[in-house]
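No lab work stands behind these numbers, since they all come straight from the coordinates. None of the values given here were measured: they were computed from a predicted structure. Here the Cβ is made from the backbone with ideal geometry for all residues, glycine too, and neighbour counts use every protein chain on show.
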Amino acid sequence: MCGIVGYIGNRQAFPILVKGLQRLEYRGYDSAGVAMISDKGNLNVYKKKGKVSDLLDFSKDKDKSGTIGIGHTRWATHGEPNDVNSHPHYSQTKDLVMIHNGIIENYASLKEGLEKRGHTFLSQTDTEVLIHLIEDIRKHEDIKLGYALMAALKQVIGAYAIVVLDKNDPDTLFAAKKGSPMVIGVGNNEFFIASDASPIVEYTKNVVYIEDEHVAIIRRGEELKIRTIRDKEITPYVQELEMELEAIEKGGYDHFMLKEIYEQPRSIFDSMRGRLNSETGHLKMGGIEEHETKFINAKRILVIACGTSWHAGMVAEYLFEEYARIPVEVEYASEFRYRNPIIYSDDIVIAISQSGETADTLAAIELAKAKGATIFGVCNVVGSSIARATHAGSYTHAGPEIGVASTKAFTAQVTVLTLMALHVAKAKGTIAESRYRQLLYEMETIPAKVEEVLKLNDSIKKIAAKYKDSSNALYLGRGYSFPVALEGALKLKEISYIHAEGYPAAEMKHGPIALIDEAMPVFVIATKGANYEKVVSNIQEVKARKGQIIAVVTAGDKDVKGMADHVIEIPETDESLVPLVSVIPWQLLSYHIAVMRGCNVDQPRNLAKSVTVE
Ligand code: M6R
């Protein structure tokens, strides 16, 4: 978590830093700060608890001049969110300042050593320890800042993306990373540093993704230089960004989340584009084709992910088992990595991540890789750490997802995972040609069906108004709809702070049924399919206890309509593809409830978009 930005060039740094921080606020938003060397040569540091807008108010009448600077938006790990713990942090002499995304795990022992050497600390952060250490090494070994930084980083256990600014050198920035992301934009005699490309794209499309344990030496008027922390020279690899500026702006919507919900017909289409052709029966999945034999012979697939991506992984479990007849285990990355899991060298691991930066997923990948498994990534962010750590993969093409609550990334993940399962099933011969063709055809109709569901927004908003003051909610589904129940509950709790649980509908009677009374809204997916009658029985069980039923049903359904308090009719599709359509009403419902409760939809409390700490 945390977002970092830096600038050096001929323009004024402050507006660039602030705009960049606003783009990165999805990564953390409990405090923000900047440091610039002013036109008069002063080092000005402004930092404030709260959002970037609070920092802007705070620095209104201050000297914000300078063509070199760094900025940070924080998601607190060490030390509560307050002005002092905000970044940038000073070294002992206050000559150096640093911003940091990540965690220095051995900060306590480093701090103890520094305290013995007379250092005093202002904050409770791990970051302050590192900048003190860098200065300490520089002073005691009498070496240049770049070498001191390399020496300090060799002592660090943990993750970091850092940028250091020296008061006495207004022409240089030092940046380094391990585990946390960093990209440098290369402009015309100017450089931009950021946690992702969103603060950079409006200035340049030429970027360099910094690798772990690499240090970038960024000097005004010079070429970008990169060295490893062991001082080996590296040639920067400049890539062209594919991102467009409008993709990261709200485009007239009140919130990114709503914009992203509405983008789903497009993002689902984009995730299929160039891959699927129902006319020819062609399904091109480059990453899988490279490892096709491994997929065909796999005795098992392990899916590792967190949060919404884990829910998409659960849909993949049903798909791969049904069509490709490969047993699938879906694992929370955070549990998997710490329980000494049994991993075979012929296992296929599918790691799913929107951001491609989730620390637990990344660590689980490394563990499975070390045991010889083949790792396949399903990531949204191109060039992200997970995309680079995997052996092969298929990108989702959802475009930048900025709202903290994941929406279009989920449907893009399910789209790609469906195509993967069908591709493997076809290659293995576990699916009949006619069924395969029928599913490909049906996949192509999904964007239009999602479009239809989006037209129900006004009626969903009315339902939201009725349940906005609930304290609890239950989400039920069976089969392919069970992961959607989990996802519906996660969406509601994370942005509206209403306690919600997702359950397999039949499990309700093993406990949660005790919670049901007239105040309990129960959100059920009861679309036509193999479990339809059984779900109808579950609905009756809820109604018998006076619970409120809000059901997503197949268009034209009569039975559920007769017993539910509200129905949301969605277009009919194949049962295995229903998650792509049935999740939309739950996304809209959560969105409207959160807005009506006055919650910050795009930046819910305590959360961050990419969880780069474990
Ligand atoms: O970037 P990732 O897909 O790896 O992120 C995983 C979770 O942190 C993420 O899905 C989180 O649960 C979202 N807030 C859900 O809306």
For the chain, what does -39500 (n - 2.57) per DSSP helix run (n ≥ 4), summed and divided by total residues, give at 222 nm, in deg cm²/dmol to the nearest 500?
-> -11000 deg cm²/dmol
Taking Cα atoms, the helix 433-454 axis meets the longest principal axis of the chain at an angle in degrees (rounded to 10) of 70 degrees
Sparse-neighbour loop sites [trypsin sites (Lys or Arg not before Pro); the range 492-584; at most 13 other C-beta within 10 Å; DSSP] = LYS546, LYS558
In the chain, what % of DSSP beta bridges are antiparallel (nearest 5)?
-> 60 percent
Please determine, in degrees from 0 to 90 and to the nearest 10, the orientation of helix 107-116 with respect to the longest principal axis defined by the Cα atoms of the chain, where the helix direction is its Cα long axis.
-> 20 degrees
In degrees from 0 to 90, rounded to the nearest 10, what is the angle of the helix 408-428 Cα long axis to the longest principal axis of the chain?
-> 70 degrees
Diffusion coefficient in µm²/s returned for the range 440-562 by Stokes-Einstein, Kirkwood Rh over C-alpha pairs, 4 °C and 1.567 mPa s, is 86 µm²/s
Rh (Kirkwood; distinct C-alpha pairs) - the chain, Å = 25.4 Å
Give me the number: length gained by fully extending GLU452 to GLU141, i.e. 0.36 nm times residue separation minus the C-alpha to C-alpha distance, one decimal in nm.
-> 105.2 nm
Mind grabbing the base-10 log of I(q)/I(0) for the range 3-246 at q = 0.08 Å⁻¹? Debye formula, identical points on the C-alpha positions, no solvent, two decimal places.
-> -0.25
Roughly how many Å is it from the Cα centre of the range 270-326 to that of the range 439-514, as a whole number?
-> 24 Å
Global geometry of the range 230-296, whether rounded, prolate or oblate, following the gyration tensor of its Cα atoms and the 1.5 cut on a/c | oblate
So the FRET efficiency between ASP231 and ASN106, C-beta based with R0 = 22 Å and rounded to 0.05, is 0.50
Of the listed pairs LYS60/LYS466; LYS48/LYS493; LYS250/LYS561; LYS468/LYS543; LYS294/LYS534, which have alpha-carbon separations greater than 31 Å here?
-> LYS60/LYS466; LYS250/LYS561; LYS294/LYS534
Sites LYS534 and SER53, calculated FRET efficiency, Cβ-Cβ separation with R0 35 Å, nearest 0.05 | 0.10
